[in-house]
Amino acid sequence: RIRIQVINPNTSQAMTNTIGLAAQAVAGPNSEILAVCPSEGVPSIEGHFDEAIAAVGVLEQIKIGREQGVDGHIIACFGDPGLMAARELARAPVIGIAEAAMHMATLVSTRFSIVTTLPRTLIIARHLLQLYGFSHHCAALHAIDLPVLALEDGSGMAQRKVRERCIQAIKEDGSGAIVLGCGGMADLARALTLELGVPVIDGVSAAVKMVESLAALGLSTSKHGDLDYPETKPLSGQFQIFNAE
Ligand SMILES: NC(=O)NC1=NC(=O)NC1=O
């Protein structure tokens, strides 16, 4: 049996639920999903400032998961906030949903489009494309121009906008697949794939299957080199929780 910790880096319980259900829907019979979010932080992540705040909460959850002995961690925000820091802290694999969705998209298409939330977050997706080496795979990036939490307001407006943007991207971008650029869109991928007839990829479910694959292969985060545990030093104030026991 493996246990996968799925971290919603923002503090919105509704989005944590959406993300947890999407992870549960694809989890294998041997996998247990632990959906969590930071106890304090930012209700939604919509820029560099929010990401910096959220990263501390992600690291706190990574530490808790490590103490619980989880077999993998997922950072369920499209900016993959704190990913490399989390890999230093973790022993088990740590997968960000942006990297997971991008990797999957390259396996089923030559070029993909990204549909995300606010236009100002497009630069974060662009930075990740460069960091992961996928810039030339991404045909275009689109934003529905709604805040992240519009996905949880029950109106269906954000979901309709995502669908419209996907249809437009398929018509205009010359890409073969769509990557959904928000953890809160995780529940939309399967229906959109069926309706639109192209792979619409959610990073939460992609990451769950990647963690299961890594566990099955006996692979975990390398501690040889720059992802070794952080250097030991006396952390102060709110960060004392990270001091080695
Ligand atoms: N591009 C995004 O919408 N990023 C996100 N902000 C959140 O709070 N969750 C996400 O996935």
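The values are calculated or read from the model by the stated rules, or taken from the named source; none is laboratory data. Not measured: the values here are computed from a predicted model. Please note: Cβ atoms are built from the backbone with ideal geometry, for glycine as well, and neighbour counts cover all protein chains shown. Quick note on the areas: whole protein, heavy atoms, side chains included, nothing else; ligands and nucleic acids left out. Shrake-Rupley method; radii C 1.70, N 1.55, O 1.52, S 1.80 Å.
General remarks:
- Among (1) within 21 Å of ILE95 (Cβ to Cβ); (2) in contact (Cβ under 8 Å) with a residue 40 or more places away in the chain; (3) open to solvent by less than 50 Å² (accessible area, probe 1.4 Å), the one test that TYR229 misses: (3)
- Residue match in region 173-185 (condition: out of contact with any helix residue (DSSP H, G or I) (no Cβ under 8 Å at 6 or more places or on another chain) and either without any contact (Cβ under 8 Å) to a residue 40 or more places away in the chain or of a type in the set (Phe, Trp, Tyr) (or both)): no
- Residue in region 105-123 that is within 16 Å of the ligand (Cβ to nearest atom), under 26 Å from LEU219 (Cα atoms) and not aliphatic (A, V, I, L, M) present: no
- Qualifying residue in region 162-174 (condition: of a type in the set (D, E, K, R) and on the phi > 0 side of the Ramachandran plot): no
- LEU34 being of a type in the set (A, V, I, L, M) and closer than 23 Å to HIS224 by Cα: no
- Contacts under 6 angstrom Cβ, first residue in region 75-86 being touching a residue at least 40 places away in the same chain (Cβ under 8 Å), partner among the small types (Gly, Ala, Ser) and part of a helix (DSSP H, G or I), 6 or more apart: ALA76/GLY183; CYS77/GLY183; PHE78/ALA98; ASP80/ALA98; PRO81/ALA54; PRO81/ALA55; GLY82/ALA55
- Filtered by the rule that a residue be away from the ligand (no atom under 11 Å from the Cβ), in a loop (DSSP other than H, G, I, E, B) and buried (at least 20 other Cβ atoms within 10 Å of the Cβ), region 28-68 gives a lone residue, PRO38.
- Residue check, MET210 within 16 Å of the ligand (Cβ to nearest atom) and at negative phi: no
- Residue in region 196-216 that is outside any loop (DSSP other than H, G, I, E, B), open to solvent by 60 Å² or more (accessible area, probe 1.4 Å) and out of contact with any Leu (no Cβ under 9 Å at 6 or more places or on another chain) present: yes
- Test for VAL162: is it surrounded by 19 or more Cβ atoms within 10 Å (Cβ to Cβ), in contact with a helix residue (DSSP H, G or I) (Cβ under 8 Å, 6 or more places away or on another chain) and farther than 23 Å from LEU34 by Cβ: yes
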